[in-house]
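Below you'll find the structure, written out as structure tokens, and then a few comments.
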């Protein structure tokens with residue numbers, strides 16, 4: 001029998017797989033449709049799908065819609081929007097590799113914020129996992145090293161947004177109906193992205209038939225709305241209550257690994273040996289987080305005993 005926490009971790013790993021696998025699709029789509037416009041439509045369509053499912057199959061949940069649920073859902077949606085918005089703005093000023101690494105720093109920020117906000121200290125296995133995953137993210141994404149700029153600061157805000165979203169999803173997911181809470185946060189992201197599109201982008205471009213009905217945009221919207229948004233955030237909201245925020249962050253650190261694998265098979269991209277080493281470290285970090293408490297102490301103790309024996313031989 002699979003434990004609830006193990007099944008939750010596997011489900012969240014599936015979410016990271018979806019996000020990583022759709023990275024190439026989204027990258028192609030936003031060359032036709034600007035990012036805020038794309039996210040406004042993507043999250044809007046996902047919200048419609050979730051609302052339709054609620055209306056047809058989960059009407060009982062609608063009776064539980066109250067002020068507290070709406071406030072919690074809007075807060076989660078705002079944090080999620082902050083992540084997407086500041087990543088987009090940051091990419092105007094910095095490189096995609098640096099943005100990828102800094103976004104991945106949410107892995108570090110989660111246990112830090114968990115200590116400061118939730119007053120919960122991560123265990124040694126989580127600290128070891130975070131350290132390994134951060135080193136892996138650096139090797140995987142930092143193909144260029146240059147001085148920090150304003151774009152890096154904007155992407156750091158993005159990382160904080162994603163980290164806080166993980167923290168508060170864990171807090172609220174056990175208090176409200178999953179589908180309803182997911183629908184509210186997804187709708188919030190859609191509305192905020194739509195407003196940002198009007199302010200920062202040529203929003204009229206989204207209404208041009210040759211853009212919105214192009215094969216690249218249609219395929220990307222369908223895949224990301226159904227799989228990478230409606231399904232992915234429902235899974236996160238539903239299963240995060242069975243695991244810890246730090247483990248969620250480490251599992252989501254696998255997203256660039258899955259993106260690299262997808263790029264290898266479908267876009268002909270090749271990883272350098274240092275990038276492969278980064279993938280291994282990220283995976284090792286996730287494994288460390290899965291070790292039961294005290295296991296790392298046991299391994300370290302065994303290693304110390306063996307080292308002392310070798311030195312005395």
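The values are calculated or read from the model by the stated rules, or taken from the named source; none is laboratory data. These numbers come from a predicted model, not from an experiment. Here the Cβ positions follow ideal geometry from the backbone for every residue, glycine too, while neighbour counts run over all protein chains shown.
Considering only residues in the range 35-80 that are assigned to a loop (DSSP other than H, G, I, E, B) and in contact (Cβ under 8 Å) with a residue 12 or more places away in the chain, the one that is surrounded by the most Cβ atoms within 10 Å (Cβ to Cβ) turns out to be 65. Checking each residue in the range 86-107 for being farther than 18 Å from residue 20 by Cβ and outside any loop (DSSP other than H, G, I, E, B) picks out 86, 88, 89, 90, 98. Restricted to helices (runs of 4 or more DSSP H) entirely inside the range 108-219, those with at least 1 residues that are crowded, with 20+ Cβ neighbours inside 10 Å are 124-141, 150-172, 178-200. Please specify each residue of the range 1-13 satisfying the condition of being part of a helix (DSSP H, G or I) and out of contact with any helix residue (DSSP H, G or I) (no Cβ under 7 Å at 6 or more places or on another chain). Result: 6, 7, 10.
Flag set for residue 32, criterion: surrounded by fewer than 22 Cβ atoms within 10 Å (Cβ to Cβ) and touching a helix residue (DSSP H, G or I) at 6+ places or on another chain (Cβ under 6 Å).
Quick check on my filter: what residues within the range 103-124 are touching a helix residue (DSSP H, G or I) at 6+ places or on another chain (Cβ under 9 Å) and modelled with pLDDT of 80 or more?
103, 104, 105, 106, 107, 108, 109, 110, 111, 112, 113, 114
Residue count for the range 260-286 satisfying the condition of being surrounded by 18 or more Cβ atoms within 10 Å (Cβ to Cβ) and either within 30 Å of residue 116 (Cβ to Cβ) or under 12 Å from the mean Cα position of the chain (by Cα) (or both): 5. Taking the listed residues 249, 289, the one that is modelled with pLDDT of 75 or more, under 22 Å from the mean Cα position of the chain (by Cα) and buried (at least 17 other Cβ atoms within 10 Å of the Cβ) is 249, with no other qualifying.
Among the residues that make up the range 16-27, is at least one of them over 14 Å from the mean Cα position of the chain (by Cα), modelled with pLDDT under 90 and surrounded by 18 or more Cβ atoms within 10 Å (Cβ to Cβ)?
Of all residues in the range 16-27, those over 14 Å from the mean Cα position of the chain (by Cα) come to 24-27.
When the remaining residues are screened for being modelled with pLDDT under 90, the result is 24-27.
So of that shortlist, the ones also surrounded by 18 or more Cβ atoms within 10 Å (Cβ to Cβ) come out as 25-26.
Scanning the range 16-27 turns up at least one residue that is over 14 Å from the mean Cα position of the chain (by Cα), modelled with pLDDT under 90 and surrounded by 18 or more Cβ atoms within 10 Å (Cβ to Cβ).
The condition of being free of Cβ contacts under 8 Å to residues at least 12 places away in the same chain and over 18 Å from residue 98 (Cα atoms) holds for residue 265.
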